[in-house]
Amino acid sequence: MRVGRTLPPAAVPISFREILSGLADLASGMKAVASFETELREYYEVSHVSLVNSGRTALTVILTALKELHPEREEVVIPAYTCYSVPAAVTRAGLKVLPCDIDPATLDYDWEKLEGALDSGRVLCAVSAHLFGFPADVDRLKELASPRGIFVVEDAAQAMGGEVGGRKIGTLGDIALFSLGRGKAFSTVSGGIILTGDTTLGDAVTRAVRGLPREGWGDFLLAFCYALALSLLVRPGLFWLPKALPFLRLGETRFDPRFSMKRLGAFQAGLARGWQERLARLRETRLRKAVFLEKAGVKATARSKGAIPNLIRFPVLVDEAKRRRLIEMSEEEGLGVALVYPDAVTGIAELRGTLLGGPAPQAEQVAKRLVSLPLHPYVTEKDLRRIADLLNSGAGEGGN
Ligand SMILES: *Cc1c(COP(=O)(O)O)cnc(C)c1O
């Protein structure tokens, strides 16, 4: 166990001032939630925005709304390498998971395999995921999906604030979600955003959200304590502490469809105050660090031509032996190099026997070979240089 300066793999700093603003908005009741919604609607120029307690709730609500419009369709195509919350939300919505293999060079779909996956006639929607903030090719997915009557759901959980060719991520598909959870592009400790420019979808989402309870006092207390803890413990000088506590299970990924589904509380909406400027600043900071790593010779898995992504982590593919050494050395030196999801969706034990479609060998390879490098505001240039050195040489060749 390391005691001393330790970088988290991803972080959105939360200040006391923001926590105070969250507390102030608690008093104003739901006004804060309503004004956050209005700001989002105006910024994204969409007709509909809903705020809920997490990204996975947002996705479940979206799927429930789509299912109501097309009850005869029950399959949801998702990338075979993605956050476990995605298949958990599909399961929670009572739908079937159809994982499709990915292209390791882009972390987006393997397009040849995707065409086959979309042809069953029972596919309700396909999820396009901007992993780490790298833009997925939503237009290409829409070209394949729309003629087949399949909706495109943009999973922008990790990508709020990014743009592609002058268009904002979150407005590229039929409907989208952002996560406001810890370690995402922008965070209010917990929360989820649904947005769509389609009024029929928007109305169906409104109906689904109306059925959810509001976050109560217990939820507020939890979020408040979490915000206080995060504002301190996410700092490199203290992060070794939560990292050393096994019951916090930091960085662990579990499949769990039994999450609580509620509407977003006023405290979190208050924490979001000033989100536009803060998001822009975060994006600029992270991009600068990504460019630094690239200039130092570190190659990201995905590319982002014509895009201004809001990268939350810098993904790199290495061989398995090198990955082990990298993680070991990063643990020793506190550099925030981290594993991502432990397995492909096809390898999730709880889903065995329920998954549609075939194997996903490329996603399984990516699960074994991917590491992420930190890009958040606490990462210094000196850290980046050490990380780049580690990748370029030290933990590199040799071994085995
Ligand atoms: C985090 C995440 C989610 C779920 O968001 P939560 O707020 O954690 O529920 C969904 N999809 C992706 C790709 C994510 O990274």
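Results for (1) under 30 Å from D110 (Cβ atoms); (2) out of contact with any strand residue (DSSP E or B) (no Cβ under 9 Å at 6 or more places or on another chain); (3) buried (at least 22 other Cβ atoms within 10 Å of the Cβ), shown as yes or no for each residue.
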| position | (1), (2), (3) |
| --- | --- |
| G165 | yes, no, no |
| G173 | yes, no, yes |
| S179 | yes, no, yes |
| T199 | no, no, no |
| E215 | no, no, yes |
| F224 | no, yes, no |
| L238 | no, yes, no |
Filtered residue count, segment 41-65, keeping only those that are away from the ligand (no atom under 16 Å from the Cβ) and not β-branched (V, I, T)
8
Helices (runs of 4 or more DSSP H) (entirely within segment 85-145) containing at least 2 residues that are among the polar types (S, T, N, Q)
85-92
Would you check if there is a residue in segment 233-250 being assigned to a helix (DSSP H, G or I), under 22 Å from A88 (Cβ atoms) and away from the ligand (no atom under 16 Å from the Cβ)?
yes
How many of the residues in segment 172-215 are out of contact with any helix residue (DSSP H, G or I) (no Cβ under 7 Å at 6 or more places or on another chain), within 11 Å of the ligand (Cβ to nearest atom) and among the hydroxyl-bearing types (S, T, Y)?
1
Test: L98 is away from the ligand (no atom under 16 Å from the Cβ) and crowded, with 21+ Cβ neighbours inside 10 Å
yes
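Which one of P242, P246 is under 23 Å from R17 (Cβ atoms) and more than 19 Å from the chain's Cα centre (by Cα)?
Numbers: P246 fails: under 23 Å from R17 (Cβ atoms).
Result of the check over P242, P246: P242.
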Within the bounds of segment 175-193, is there any residue that is of a type outside the set (D, E) and assigned to a helix (DSSP H, G or I)?
no
So which residues in segment 142-163 are aliphatic (A, V, I, L, M), more than 10 Å from the ligand (Cβ to nearest atom) and within 21 Å of R278 (Cβ to Cβ), if there are any at all?
M160
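For every residue, the table says whether it meets (1) more than 18 Å from the chain's Cα centre (by Cα); (2) of a type in the set (S, T, Y); (3) modelled with pLDDT of 95 or more.
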site	(1), (2), (3)
W275	no, no, yes
A280	no, no, yes
T285	yes, yes, yes
K289	yes, no, yes
G297	yes, no, no
G306	yes, no, no
F314	no, no, yes
G347	yes, no, yes
L355	yes, no, yes
Quick one: how many residues across segment 241-268 are surrounded by fewer than 17 Cβ atoms within 10 Å (Cβ to Cβ), among the hydrophobic types (A, V, I, L, M, F, W, C) and modelled with pLDDT of 90 or more?
2
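Looking at segment 2-17, is at least one residue assigned to a helix (DSSP H, G or I), in contact with a Lys or Arg (Cβ under 8 Å, 6 or more places away or on another chain) and either within 16 Å of the ligand (Cβ to nearest atom) or closer than 30 Å to I150 by Cα (or both)? Can you show your working first?
At the first step, the residues of segment 2-17 found to be assigned to a helix (DSSP H, G or I) are 16-17.
Add one more test, that the residue is in contact with a Lys or Arg (Cβ under 8 Å, 6 or more places away or on another chain), and what stays is none.
No: zero hits.
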Considering residues that are assigned to a strand (DSSP E or B), closer than 16 Å to R385 by Cα and in contact with a Gly (Cβ under 8 Å, 6 or more places away or on another chain), the number found within segment 314-339 is 0
Go through (1) more than 12 Å from the ligand (Cβ to nearest atom); (2) over 29 Å from A269 (Cβ atoms) one by one and return the number of the condition Y81 breaks.
(1)
So L131 fits all but one of (1) free of Cβ contacts under 8 Å to residues at least 40 places away in the same chain; (2) within 12 Å of the ligand (Cβ to nearest atom); what number is the exception?
(1)
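The values are calculated or read from the model by the stated rules, or taken from the named source; none is laboratory data. In this text the structure is predicted, and so the values were computed from the model without any measurement. Glycine gets a Cβ as well: all are built from the backbone with ideal geometry, and neighbour counts include every protein chain shown.
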